[in-house]
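Participant: The structure under discussion is supplied below as structure tokens; questions concerning it will follow.
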Amino acid sequence: MRWLHSKILLAFAVALSAAPAFSQSANFGKLTLSPGFPATAGQASGNTGGTYSLSSIANSDRNNKPCIGYGSENPDHIMVLQSKFSKLSVEVNSGKDTTLVIRGPNNLILCGDDTKTSKGVSKDASVEASNLPPGEYRMWVGAMKEGQRWNYSLTVRQ
């Protein structure tokens, strides 16, 4: 009986270690936001890097935008929306070619790549979304090629 118990515990430990990226903690912390949040509450920073294909989280988002790039298996940031948001934008600023994948409640997927700006197109990623339900959103900031490591700032705006 003791042998069976130890085998069950071992199998459970192996299953936990193989848990998908969605269940792991964030590399660079958590943003907790309520409507009307101050600008500083929507700011974070981190760095890209990794060999995990972000398309393995999802091939495309709810708007059929492709989810691309490479990053860490762990999400880079966790954003908790304490209530519904009618509109939010999430922008990456690195001066490099970045991507963005966001996985929210009920398997809501948002993906971003190049951003249109008043001066043309930036290679940095962004996502604009509306009607976001409250809950936890896991965010991965990626690079176009495996292992590219760039510092970035992340800004969430209403």
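Participant: How large are Rg and Dmax for region 21-157 when only the alpha carbon atoms are used, in Å?
Facilitator: Rg, Dmax (Cα atoms, Å): 13.5, 39.
Participant: Can you give the relative contact order of region 21-157 as a percent, counting alpha carbon pairs under 8 Å and 6+ residues apart?
Facilitator: So the answer I get is 35 percent.
Participant: Using Cβ contacts closer than 10 Å as the measure, can you line up VAL92, VAL156 from fewest to most?
Facilitator: Ranking VAL92, VAL156 by Cβ neighbours within 10 Å, fewest first, gives VAL156, VAL92.
Participant: Sequence neighbours fewer than 8 away in the same chain don't count; with that in mind, list the lysines whose C-alpha is under 19 Å from LYS145.
Facilitator: Result set, ordered by chain and number: LYS65, LYS96, LYS123.
Participant: From the mean inverse distance of alpha carbon pairs (Kirkwood) and the Cα radius of gyration, derive Rg over Rh for region 88-158.
Facilitator: Numbers: Rg = 12.3 Å, Rh = 12.6 Å.
Here Rg/Rh amounts to 0.97.
Participant: Taking amide H positions as placed in the peptide plane 1.01 Å from N, state which residues far from GLY69 in sequence (5 or more) or on other chains have amide H under 5 Å from it.
Facilitator: Correct list: LEU54, SER55.
Participant: Using a cut-off of under 18 Å, list every residue of region 34-61 whose amide N is near the label point 7 Å from the Cα of LYS87 along the Cα-to-beta-carbon line.
Facilitator: The answer is 34-39.
Participant: Straight-line reach from LYS30: which aspartates and glutamates have Cα under 20 Å away, leaving out those fewer than 8 places along the same chain?
Facilitator: GLU73, ASP76, GLU91, GLU128, GLU136
Throughout, read-outs are computed from the coordinates displayed, never taken from laboratory work. Keep in mind that what you see is a predicted model, and the values were worked out from it rather than measured. Cβ coordinates were reconstructed from backbone atoms using ideal geometry, including for glycine residues, and neighbour counts include every protein chain displayed.
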